[in-house]
Amino acid sequence: MAFNELTDLNLWLQVKQDKGFAFKTLFDRYWEKLYIYAFNRLKSEADAQDIVQEVMISLWSRRASLDIETTLAAYLHAAVQYEVLNHFSRAAKNAGRSQEYEQNILPELNSYIAPLHMKELAALVEVEITRLPEKMQQVYRLRQEKNLSVKEIARLLNISEQTVRNQLNSSYQKLKKHLKEAMLIAIFLHSN
């Protein structure tokens, strides 16, 4: 039986055994669908290609340890959705355009996640914030909830601006790490 006649599950089992041809078959099977989805969201051929390639590279590099509990199609779709959201988030952060973020990205995010899942995600975010060390949590809340500048936070807490930046960076990294899986689950639940 040729690889292209195998089911996704059988192909995935072959991929887990380091069969490159099985991976190429999965790649060919899903590349275009994933690319079209990413392109429709991003409106950029290069960014859509990059995202799909990143997802597929990640799939291959994690093949030995990755256990997919959904269908492969659902997993890949959720992974691309997550990377698209991540792309929007990085773009907003790098551009520093909070107004653009509120007008363009948040509605996009809301279209992915149903209100109930958004509430669940917000609750998860709050739980993770409360797990941050006390000083880091304080700095994070002053920045995100009170919208204070780094300079204002430093003055208010009587610490250096660099300490504020370090605390914010550490808090973002910790939250990103802990919430990545929760976001994928929320996106997956919404897509079903």
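The values are calculated or read from the model by the stated rules, or taken from the named source; none is laboratory data. A quick note: this is a predicted structure, and the numbers were derived from the prediction, not measured. All Cβ positions, even for glycine, are placed from backbone atoms using ideal geometry, and neighbour counts span all protein chains on display. Surface areas here come from the heavy atoms of the whole protein model, side chains and all, with no ligands, DNA or RNA. Shrake-Rupley method; radii C 1.70, N 1.55, O 1.52, S 1.80 Å.
What tally of residues in region 16-56 results from selecting those that are open to solvent by less than 40 Å² (accessible area, probe 1.4 Å) and farther than 20 Å from Leu66 by Cβ? Adding up the residues that qualify gives 5. Checked against the criteria, Ile153 does not count as of a type in the set (A, V, I, L, M) and open to solvent by 40 Å² or more (accessible area, probe 1.4 Å). Condition first: out of contact with any helix residue (DSSP H, G or I) (no Cβ under 8 Å at 6 or more places or on another chain) and over 26 Å from Gln14 (Cα atoms). Can you find one or more residues in region 51-69 that meet it? The answer is no; no qualifying residue exists.
Among the helices (runs of 4 or more DSSP H) confined to region 1-92, the ones with at least 2 residues that are touching a residue at least 60 places away in the same chain (Cβ under 8 Å) are located at 8-16.
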